Amino acid sequence: MLQPQSASNHEQVVDIMIGLTRLSNLHRAIIAGSGSMELYLALRRRGFIRAATTTTCRIPRGQHAVGLITGQNSLSAIEAALAQIPPFLGASAAIAVLIDSRESGFSLKIRTRLEQMGFRIEAGVRCQQGLVLSAWRQGFGQMENAA
């Protein structure tokens with residue numbers, strides 16, 4: 001059972017991710033990471049019926065406009081989720097990543113990884129559970145066609 005304080009912290013992260021990615025009820029959202037089911041359920045309670053997790057979505061076809069990654073404590077866990085989510089995302093997708101580690105340089109490594117994947121960091125918001133980074137992948141389809 002969640003404590004009231006941790007439940008409010010979780011809701012704060014959900015609010016921040018929705019705001020940073022500009023997620024609406026019309027968007028498809030894909031969720032990855034060890035906390036994906038909790039985030040999925042929180043989104044469904046808020047009326048986001050087009051949300052799915054990487055384990056529940058059967059075929060990755062680049063159909064999702066927003067990717068959300070949550071629940072990790074280590075760099076390798078976040079990188080694994082970052083490697084898992086791109087096939088689900090469209091060419092102009094947004095992504096939000098919860099970084100709950102306070103290690104120095106940790107967020108810089110995640111930022112570098114996102115940039116290598118074709119994302120441009122837009123914002124970072126501190127919350128009680130850590131840092132939420134948001135990024136956009138604009139024109140990625142054009143880059144794929146050129147390659």
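Taking segment 36-60 as the search range and keeping residues that are assigned to a helix (DSSP H, G or I), touching a residue at least 24 places away in the same chain (Cβ under 8 Å) and among the hydrophobic types (A, V, I, L, M, F, W, C), which one is nearest to residue 133 (Cα to Cα)? Show your work before the answer.
Pass one, segment 36-60, residues assigned to a helix (DSSP H, G or I): 36-45.
Of the ones still in play, those that are also touching a residue at least 24 places away in the same chain (Cβ under 8 Å) are 36, 38-39, 42-43.
Adding the requirement that they be among the hydrophobic types (A, V, I, L, M, F, W, C) leaves 39, 42-43.
On the way: 39: 16, 42: 19, 43: 18 Å.
Per the stated criteria, the residue is 39.
Looking at (1) in contact with a helix residue (DSSP H, G or I) (Cβ under 8 Å, 6 or more places away or on another chain); (2) at pLDDT 90 or above, find the lone condition where residue 34 falls short.
So residue 34 meets the others, but not (2).
Any idea which residue in segment 67-82 is surrounded by the fewest Cβ atoms within 10 Å (Cβ to Cβ), counting only those that are touching a helix residue (DSSP H, G or I) at 6+ places or on another chain (Cβ under 9 Å) and aliphatic (A, V, I, L, M)?
If we take residues in segment 67-82 being touching a helix residue (DSSP H, G or I) at 6+ places or on another chain (Cβ under 9 Å) and aliphatic (A, V, I, L, M), then 75 is surrounded by the fewest Cβ atoms within 10 Å (Cβ to Cβ).
The values are calculated or read from the model by the stated rules, or taken from the named source; none is laboratory data. Not measured: the values here are computed from a predicted model. Cβ coordinates were reconstructed from backbone atoms using ideal geometry, including for glycine residues, and neighbour counts include every protein chain displayed.
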